[in-house]
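The values are calculated or read from the model by the stated rules, or taken from the named source; none is laboratory data. Owing to the predicted nature of the structure, the values given are computational and were not obtained by experimental measurement. Here the Cβ positions follow ideal geometry from the backbone for every residue, glycine too, while neighbour counts run over all protein chains shown.
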Amino acid sequence: MMTTTSTSTLIIVVALIIVAAVAAAIWTSIHRKQQSVRLQKRYGAEYEREVARLGSQSKAEAELVKREARVAKLTIVPLTSKEAAHFAQAWSRLQGGFVDNPGSAVAEADSLVKELMTARGYPVSDFESRAADISVDHPNVVYAYRAAQAIALKNSRREANTEELRQAVVHYRTLFSDLLQVHPVPVPVTETPKPRLAAHS
């Protein structure tokens, strides 16, 4: 038979386990809500897109967290001033050639964006992987990348009209501009010359 002391100890232990379980459940619930708010705020339309695509808020959030973990392992770097100038000039040439050959300009824009992503440190694999990686650091412009890609695919089948091709270039430009980050150039610190005292006569 259990003594009164043993029974009391058992009750206390069980009560502590229950309290710990309830506390853990409350903490988990709060953490999930905070994470949901953070992800919705950060990803916006991309969050809604993933919920619709996966059919579940929890699955969408798990996918977005997985993206963040993957991109965190990458070495994403800004461009040097020389690299940025190269890309800016390349874009100007591309845009200048749109009137003569809009279809070619769209294909070139797609290639230039991939080249820029590579220079920044993003792996260039299939489109969905690229868009997923871009969405982590550039969630507000990934929609433009998806829209541009859809028109580029249509263009590859020779089904896109000139206005759609123009829109594709605009969409590519949106992402291109967001990716065109440059290393800050340090401003040299110079000492302010001390005023010379006038010689007394």
**Request:** Would you mind finding the one in Leu165, Leu112 that is part of a helix (DSSP H, G or I), outside the structural domain of Leu39 (by TED's automatic domain parsing), over 27 Å from Val71 (Cβ atoms) and at pLDDT 95 or above?
**Result:** Leu165
**Asked** Would a scan of segment 75-91 turn up a residue that is under 12 Å from the mean Cα position of the chain (by Cα) and either in contact (Cβ under 8 Å) with a residue 12 or more places away in the chain or more than 25 Å from Arg49 (Cβ to Cβ) (or both)?
**Response** yes
**Asked** Within segment 30-39, can one find any residue that is touching a residue at least 60 places away in the same chain (Cβ under 8 Å) and over 17 Å from Phe176 (Cβ atoms)?
**Response** no
**Asked** Hey, does segment 95-102 have a residue that's of a type in the set (Gly, Ala, Ser), surrounded by fewer than 14 Cβ atoms within 10 Å (Cβ to Cβ) and not assigned by TED's automatic domain parsing to the domain that holds Tyr47?
**Response** yes
**Request:** Determine which single condition His171 fails, assuming it passes every other condition in (1) at pLDDT 95 or above; (2) within 18 Å of the chain's Cα centre (by Cα); (3) surrounded by fewer than 17 Cβ atoms within 10 Å (Cβ to Cβ).
**Result:** (3)
**Request:** Just give me the residues in segment 70-98 being touching a helix residue (DSSP H, G or I) at 6+ places or on another chain (Cβ under 8 Å) and of a type outside the set (Val, Ile, Thr), in sequence order.
**Result:** Arg70, Leu74, Pro78, Leu79, Glu83, Phe87, Ala90, Trp91, Leu94, Gln95, Gly97, Phe98
**Prompt:** Pick from segment 124-143 the residues that are surrounded by 18 or more Cβ atoms within 10 Å (Cβ to Cβ) and hydroxyl-bearing (Ser, Thr, Tyr): which of them is farthest from Leu179 (Cα to Cα)?
**Reply:** Tyr143
**Item:** Scope segment 83-104; condition of a type in the set (Gly, Ala, Ser) and in a helix (DSSP H, G or I); matching residues
**Value:** Ala84, Ala85, Ala88, Ala90, Ser92, Gly96, Gly103, Ser104
